[in-house]
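Student: Have a look at this one before I ask anything.
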Number of protein chains: 2
Amino acid sequence: MKDVAQHAGVSTATVSRVLNGHAAPTPETRERVLAAIEELGYRPNALARSLRTTSTQTLGLVISDLLNPFFAEIARAVEDEARSHGYCVVIGNADESAEQEATYVRTLLDRRVDGLLLCPATDDPELVREVSAGGVPLVLLDRTVRGATCPVVRADGSEALTALARRLVGAGHSRIGVIAGPPNTSTGRERSDVLVGALGGLAQVVHGDFRQESGSQAAAKLIDGGATALVAMDNLMGLGALGEIKTRGLRIPHDIALAVFDDQPWFPLLDPPITVIAQPTVEMGRAAARSLLALINGQQPDDVRLTAKLVLRGSLGEAEL
Amino acid sequence: MKDVAQHAGVSTATVSRVLNGHAAPTPETRERVLAAIEELGYRPNALARSLRTTSTQTLGLVISDLLNPFFAEIARAVEDEARSHGYCVVIGNADESAEQEATYVRTLLDRRVDGLLLCPATDDPELVREVSAGGVPLVLLDRTVRGATCPVVRADGSEALTALARRLVGAGHSRIGVIAGPPNTSTGRERSDVLVGALGGLAQVVHGDFRQESGSQAAAKLIDGGATALVAMDNLMGLGALGEIKTRGLRIPHDIALAVFDDQPWFPLLDPPITVIAQPTVEMGRAAARSLLALINGQQPDDVRLTAKLVLRGSLGEAEL
DNA sequence: GATAGGTGTGTAATCGATTAACTACGCCCT
DNA sequence: AGGGCGTAGTTAATCGATTACACACCTATC
């Protein structure tokens, strides 16, 4: 910057003003400075700028698993929305591990992100408290924690799950296997609670960990237990369940019915296409980013609750007619 | 930091020394400083540190599309490897747009990332030159550019493509539709060049853009053109082709054979399972990260060429027997 | 007991920007 | 002519760390 100033025959202050579009510099000076910048190929150092202004124009996003297309899509939406407001997003991958999540959150805070979006790995409020104590704007996404004190953006699947339960019961299924998420995550608990409640005693629950492998194992256990219908509470566990069903040579929906929470582009391609509860992922990501930006700007955004929708495709069999 | 120093009754220099594990401070001082840090909940400002040391411990990764599971997996691997070496990764999503890619690259350079991994959207070497001119370590991943002067990490599918061509020809297919990537990307060009060459005149090529929609359109065109076999050069276009095949009610492999470049966890679940050319994505990501770290440490890593493998699963029909 | 050498800390410059406070230079008005 | 005022630009403090250099103190040696 000093070089640019020298080159243009002005002080660094003037260069800075030109850079930041301040009113002061005369058009002529401005021209000279811009020419110098161009000539020297100067690019301002964002670190120095941030240090001085205490604003990094960066959001942190800590998600549970980048490999999960659900989160990838969310990340994409967050990034889109943030960019359209001039913000960058730094993504941290927690790998469903609370420790790694904490490490990442601290790293991002150390780098002074302007705000943080978190999909908490567990419902332990400790980390959230730590961030809030640091005074950094925080929004929870997809999952919440016990006694959360910050805005939360999530999808509400109650209605869809209830409708799904009604269909399954109506079709005469009496042993319905629920492949639930980990009980220490809000989504893991709530989704299965709602479904189990609506199934009124017909449900058998096995908890997985939102990963493919656990989906296969849970499916195996439930099929062995005599289930005639399976509901996987997340797309990766759904993938695992499908694998197990295929391995055993069972036919959907003839031998076993299946529904999955989370839609994926390839679900309609299966034979039969898979019935799902589709979450408005893109909207969730955008809404979360918007809430966070509002928070950063000193507003008090409300919680956002979007509704997930039941999409019938055929994998429940007659139940769908 | 000043507060911590005051609290411990030492100077900021000593605090800094404790923080950075310098030999100097006596165990007793060290204790006092650590206690003060603990008590005040002090966390060092990474921006200030980076400004002073000109090292951010951060790698930039600019990929074409986070929604593409291939790139998501790569991102994951890069992140893993980087983290294990104490580096963070900032991911930029270029959305297959050269402009957005350039914007992101510049933003990352402004933030002084220690090195950059790039999956270039086009094979135009201009951006690469710009980065190199800035003296920032750069490694290209998956794709290369014309006359690249930096290390490149990619998968070589020639062998697998040739084997695939042999099988298709051997099975008597005489009109083979190739759904290629954009001709201005190295992977888009090279993959189809190899395959078309190996098919010796039996190929019909339609270029897509590595997105689902273009896969459907290309498939439609090729099927209308009388193709009895399709090869999609990337998983998203493969997904599109599958959709088109399903829409038309065609049966694989009876009515049409299909193979896809890039494996996906759900390909084995289809009926029949899809034959693919599988790339070692995780290894690519890790290798790229390692090359970049080597470059940062002043070494001169070689290009890395991993081999993609043909995985026969049944979607080619008799050709596979 | 003076000197050399080693050790633990402090002082202050520095990284590259932003910005408050100040200066210098017209220009207008009485 | 002189005072007031607006404007363009400069000087220097600042953000929060790192680190070269200086300094004080202690110990070992002759």
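Student: Give the stretch B:1-20 a look and list any residue that's among the small types (Gly, Ala, Ser) and open to solvent by 50 Å² or more (accessible area, probe 1.4 Å), or say none. Lay out the reasoning, then the answer.
Tutor: Here is the first cut: in the stretch B:1-20, the ones among the small types (Gly, Ala, Ser) are B:5, B:8-9, B:11, B:13, B:16.
The answer is B:Gly9, B:Ser11.
Student: Have a look at A:Ala46, A:Ala72 and point out the one that is more than 14 Å from DNA strand C (Cβ to nearest atom) and closer than 18 Å to B:Tyr104 by Cβ.
Tutor: On the way: A:Ala46 fails: more than 14 Å from DNA strand C (Cβ to nearest atom).
One residue alone meets the criteria, A:Ala72.
Student: Among the residues of the stretch B:1-38, which ones are near DNA strand C (Cβ under 7 Å from one of its atoms) and either within 14 Å of chain A (Cβ to nearest Cβ) or aromatic (Phe, Trp, Tyr) (or both)?
Tutor: none
The values are calculated or read from the model by the stated rules, or taken from the named source; none is laboratory data. None of these values were measured; they are calculated from a predicted model. FYI the Cβ positions are ideal-geometry reconstructions off the backbone, even for glycines, and counts take in every protein chain you see. Accessible surface areas use protein heavy atoms only, side chains included; no ligands, DNA or RNA. Shrake-Rupley method; radii C 1.70, N 1.55, O 1.52, S 1.80 Å.
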